[in-house]
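Everything below concerns the one structure shown next.
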Amino acid sequence: MSLDEAARGRIAPYVSSLNDDVFALSGLPEEVIAVLFAYYSRSRDDLRTNLARLLADQELDVEEGVTTRPSFGLATEKARAFHEKWVVGYGHASVAEHAVVHLAIENVSIVASKVIEDLRLGSYTEKSTRYVVFDRNSFVNLPELEGSLGETYRTSAERLFTTYVDLMARVMDALRVRVLRPPGASEAAHAAAIRAHACDLLRGLLPAGTRTNLGLTANARALEALLTKMLSHPLAEVRKIATAMHAAARTVTPTLVKYAARSEHRSAQRADVGDKLRSIYDPGPWDAAATNVVGQPVRLVRHDKDALERIVLALGYESSEPNVHARGLTEAMRHATSRELEDIVRASVARRGAYDPVPRGFEATTMTFELMLDYGAYRDLQRHRMLLPATQRLTCRLGFETPAELAELELDRVYTDAMVAACDAWEELESKRPLEAQYAVPLGFRIRTLWTLNLRELFHVIELRSARQGHASYRRIAQGLFRAAIAVHPWLEGLVRVDLGDYTLSRA
């Protein structure tokens, strides 16, 4: 949405640029910045438009007549000199953690957003595929795809969005007939629920090159690490965004992110490891590899057989008097029964409230799972960053998901035809530009990822993502994690608050 001169003048003091897709925010109350980023999830408008609207409506309590950012002159120069000497010169990088940067990052692909959100020590809010209906041309252009390859990508993306928009109206019409308004619900709330349900059913059609917006908050130390990683990335879009993010961040912290740069180590790491791996492991043909895992969305790869003892050691040590030592506690556990150890673990969560996490002692043991899920569900689950993820390149070779409810509505054929056509386009791109081919893959196609996480984070993922209001795709993953965990640790069954229900359209 274009802004008039008056609106541009109102927002100018608070944004580092009035035109760039990547810009920094400053001079606003922290809670206002949080609200503006929250709008990304629900609003089709960009952040500057929403900021101008709030200022015009006088919903923000900001100083009247402010037209420029305040200047702190000598104090700023002294701060820069201090950081050059101690942070840069002597390596005291922890100081940079006290400087916080808020970046608005707009009109980037979902592919790029996943790279950005891989930063563990950051906070994000991204445009939602559940609450926002995308326009027909909501995909990024790829200048690096020239000639016929570029035409193949654009034609495929246009067909997917045309199908998405056309089906959106048809699905919502069908849902209005099939899903009755609950007693006490307003017409507006019911309409919003219908729209969200339709968006959930059709998000698989959106290509990974779909344009999205996100807000990022991170301290300067973490941000510099992210920028270095992005500047070393093989995708041109990611490097371009990193350059823009670097410039915007330097308007807020000019010294603390100054030296972010491409790293040869990061740039070559994937290829170096891949070359050595091929000398010990030949996975065989692609079709066999895919066939072996389809139908197994969650596979347990490894776990600690002494997980119960590890947790009891951590819990017991923390809860004991100073005359207790680890060796004595470990020896005592050898003579205890499994039931006695389980009772100690149960006691640690006996008073847990609805919003209380399990104790940190559960971090003493880890499990590793291989997940195979559609990319739309991966997009949601990737935001869980308190774990070690290892994710493969996105392709069409693992097949795609077709929501069962589309078949109930007799609209699955159109969906399937569009997905098959997208796969054909991807095949052409994959043969020449495999990395860029990812942009053409719809969110309904599967991807594999390897997760290593401690039991405390496992509780968090299962309990949050199995909840009834969640998307069916990631609810299956959360339920699969639970079933795989209790198969080897049966004492967990009564402790994890999992919802194993299957809430289909017919029961809505």
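Applying 1/(1 + (r/R0)^6) with r as the Cβ-Cβ distance of Ser186 and Asp20 and R0 = 35 angstrom yields a FRET efficiency of 0.30. Looking at Gly9, Val273, Pro143, which one has the Cα that reaches farthest to the positive end of the dipole of the chain (charges on Cβ: Lys, Arg +1; Asp, Glu -1)? The Cα lying farthest towards the positive end belongs to Val273.
With r as the distance between the Cβ atoms of Val301 and His265 and R0 = 35 Å, compute the FRET efficiency 1/(1 + (r/R0)^6) and round to 0.05. Approximately 0.80, to the nearest 0.05. Rounded to the nearest Å, what's the spacing between the alpha carbon centres of region 305-328 and region 6-27? Just the number, please. Using only Cα atoms, the two centres lie 54 Å from each other.
The value for region 1-44 of Rg(Cα) / (2.2 N^0.38 Å) is 1.19.
Would you please give the FRET efficiency between Gln392 and Arg130, computed as 1/(1 + (r/R0)^6) with r the Cβ-Cβ distance and R0 = 30 Å, to the nearest 0.05? Efficiency at R0 = 30 Å is approximately 0.70.
Would you mind telling me the share, in percent, of accessible area of region 97-234 contributed by carbon and sulfur at probe 1.4 angstrom? Roughly 52 percent of what the probe reaches on region 97-234 is carbon or sulfur.
Per-residue Karplus couplings for region 297-314, computed as 6.51 cos²θ - 1.76 cosθ + 1.60 with θ equal to phi - 60°, are listed in order as x, 10, 10, 6, 9, 7, 7, 7, 5, 9, 4, 4, 5, 4, 5, 4, 4, 5 Hz, Gly and Pro entered as x. On full extension, the segment bounded by Ser41 and Thr449 gains 144.4 nm, given 0.36 nm per residue less the C-alpha separation. In order along region 117-128, phi translates into HN-Hα couplings of 6, 6, 5, 5, 9, x, 10, 9, 9, 10, 3, 8 Hz, rounded to whole numbers, per the Karplus curve 6.51 cos²θ - 1.76 cosθ + 1.60 with θ = phi - 60° and x for Gly and Pro.
With all protein chains in place and a 1.4 Å probe, the accessible surface of region 350-469 carries 50 percent carbon and sulfur.
What whole-number distance in Å separates the alpha-carbon centres of region 197-275 and region 447-508? Here the two parts' Cα centres lie 30 Å apart. Across the chain the C-alpha pair distances fall into 20 Å bins from zero in the proportions 19, 49, 29, 2 percent.
Among rounded, prolate and oblate, which fits region 113-193 when a ≥ b ≥ c are the square roots of the eigenvalues of its C-alpha gyration tensor, a/c under 1.5 means rounded, and a/b larger than b/c means prolate? Here region 113-193 falls in the oblate category.
Based on the Stokes-Einstein relation at 4 °C and a viscosity of 1.567 mPa s, and on the Kirkwood radius from alpha carbon pairs, region 371-504 is assigned a translational diffusion coefficient of 79 µm²/s. Compactness of region 370-435, taken as the C-alpha radius of gyration over 2.2 N^0.38 Å, stands at 1.35.
In the context of the full set of protein chains, the chain has a per residue accessible area of 51 Å² (1.4 Å probe). From most to least packed by mean Cβ count within 10 Å, the peptides 487-499, 36-48 give 36-48, 487-499. Ranked by the mean number of other Cβ atoms within 10 Å per residue, highest first, peptides 433-442, 324-333 order as 433-442, 324-333. Relative contact order (percent) for the chain, with alpha-carbon contacts under 8 angstrom and 6 or more residues of separation? Taking the mean separation of contacting Cα pairs over the length of the chain, I get 17 percent. Note on region 195-330: Cα convex hull, mean projected area over all directions, 17.0 nm².
Couplings 3J(HN,Hα) for region 331-338, derived from phi with the Karplus relation 6.51 cos²θ - 1.76 cosθ + 1.60 (θ = phi - 60°), are 5, 5, 5, 5, 9, 8, 7, 4 Hz, where x marks Gly and Pro.
The values are calculated or read from the model by the stated rules, or taken from the named source; none is laboratory data. The structure presented is a predicted model; accordingly, all values stated were derived computationally and were not measured. Methodologically, a virtual Cβ is constructed for each residue, glycine included, from the backbone with ideal geometry; neighbour enumeration extends over all protein chains shown. Side chains are part of the model used for accessible areas, which takes the heavy atoms of the whole protein and leaves out ligands, DNA and RNA. Shrake-Rupley method; radii C 1.70, N 1.55, O 1.52, S 1.80 Å.
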